[in-house]
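The values are calculated or read from the model by the stated rules, or taken from the named source; none is laboratory data. If you're wondering where the values come from, they're calculated on a predicted model, not measured in any experiment. FYI the Cβ positions are ideal-geometry reconstructions off the backbone, even for glycines, and counts take in every protein chain you see.
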Amino acid sequence: MKELINDIGTKKILMIAGIFVGIIVLIIVCLMLYNSLFAGTSYSKIENTLVSAAKNYYKANPKLMPQTSGGSVSVNATTLASNKHMKDLSEYTKKINSSMSCSGSVTVTDINGKYRYTPNLKCGDQYETKTLVSQIRSNEELKITGQGLYEMNGGYVFRGDTPNNFVEFSDKNWNIIKIQDDYIYMIMRDAKDIKSQWDNRYNVNRNTTSGINDYAVSRIKTYLDSLYNSTLLNEQSRMLLSPYNAPVGKRDESVMANDGSVENSTISENTYLGLLPLYDFINASIDANCNSAASKSCANYNYLSYLVGSWWTATGNSANTHQAYKIENGKVSSSTTNVNSRVRPVVRLVKDALYVSGDGTETNPYKVK
């Protein structure tokens, strides 16, 4: 009986000890979560303080603002504090960690006459303002097989069936195609209401209005240019776009050069909304047999092949003057340009587009500001 009582007593002690340890662990976890959330919110507030101070600084010094579209200037936290637009940066950061040393600045960029203010806060190893590019590069392991992010053509390319390349942008879903020179190129997924003929001009070679497959004078270029100021893009999203030289060179179905050299032989300068060049569609597939426009295997293991409907690329067929390539039922098709198909705009984000949240999955897409 005495042994039974001792055994029960031991079990009670162990149970109480287990509960006590469990409570301590729970408290530690809660504190860690609280500190993480508090610090994250506090860093964000400091970034907002930097931006607010920079706006007041440049309001008082308008001649220091960028003077040309696309131009940018920067001001650091020390200058903002010395001009009494904010307190010394340490006054804000000591609330998080009194021993932490931070530096901060704000870059102002002229976007077609409007100004974008981008904060940059760095606090040793504890925090640094993240761009979407840096977030992707730190989170995505480079692949040599399977789906994901590949090093390719001097940049990084998303390939495969379902890579983590989803972005919420201008209240719509987009896919990141590639990262080139720290610029992110994205294509719109939902484009059911955006349709156009590639071109419908009179073609003297065919003696009909079948269109001409010269992108520079095409109807679809004019249509895409008109979308910049339409409801397709909200004001915030327009501030995140960077113009680029869009590759619009023609190619033959049998060409196997997929490094962009063919399409980049002709460019459309200062493009805000373009179309996907064909080589980007080919490179998105990880099927070894996908190597040209003629390969039906390019529909395999290719997230771009799952985009609904038939939709235009930027690439004309060099074998004639009236056809351009589109993606139809997931496969490459050479079509007469006067046919109506969906238009999926491709845009380039500014280098310093800031990461807000998300992991790139369809259910938790990246968000930027």
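Annotations for the structure displayed:
- Screening Gln236 on (1) surrounded by fewer than 15 Cβ atoms within 10 Å (Cβ to Cβ); (2) in contact (Cβ under 8 Å) with a residue 60 or more places away in the chain; (3) in a loop (DSSP other than H, G, I, E, B) shows it passes everything except condition (3).
- Of all residues in segment 339-369, those that are of a type in the set (Val, Ile, Thr), closer than 13 Å to Val167 by Cβ and either touching a residue at least 60 places away in the same chain (Cβ under 8 Å) or crowded, with 19+ Cβ neighbours inside 10 Å (or both) total 4.
- Considering Ser297, Ser333, the condition of being surrounded by fewer than 18 Cβ atoms within 10 Å (Cβ to Cβ) and touching a Cys at 6+ places or on another chain (Cβ under 7 Å) is satisfied by Ser297 alone.
- For segment 214-233, filtering for residues that are closer than 18 Å to Arg344 by Cβ, without any contact (Cβ under 8 Å) to a residue 40 or more places away in the chain and either part of a helix (DSSP H, G or I) or not polar (S, T, N, Q) (or both) leaves 3.
- Filtered residues of segment 183-213 (kept if surrounded by 15 or more Cβ atoms within 10 Å (Cβ to Cβ), in contact with a Ser or Thr (Cβ under 8 Å, 6 or more places away or on another chain) and touching a residue at least 40 places away in the same chain (Cβ under 8 Å)): Tyr183, Lys195, Ser196, Gln197, Trp198, Asp199, Asn200, Asn203, Ser210, Gly211, Ile212, Asn213
- Any chance Lys87 is in a strand (DSSP E or B) and surrounded by fewer than 20 Cβ atoms within 10 Å (Cβ to Cβ): no
- For segment 72-88, the count of residues that are outside the structural domain of Asp352 (by TED's automatic domain parsing), in contact (Cβ under 8 Å) with a residue 40 or more places away in the chain and β-branched (Val, Ile, Thr) is zero.
- Residue within segment 320-331 that is at negative phi, within 23 Å of the chain's Cα centre (by Cα) and not basic (Lys, Arg) present: yes
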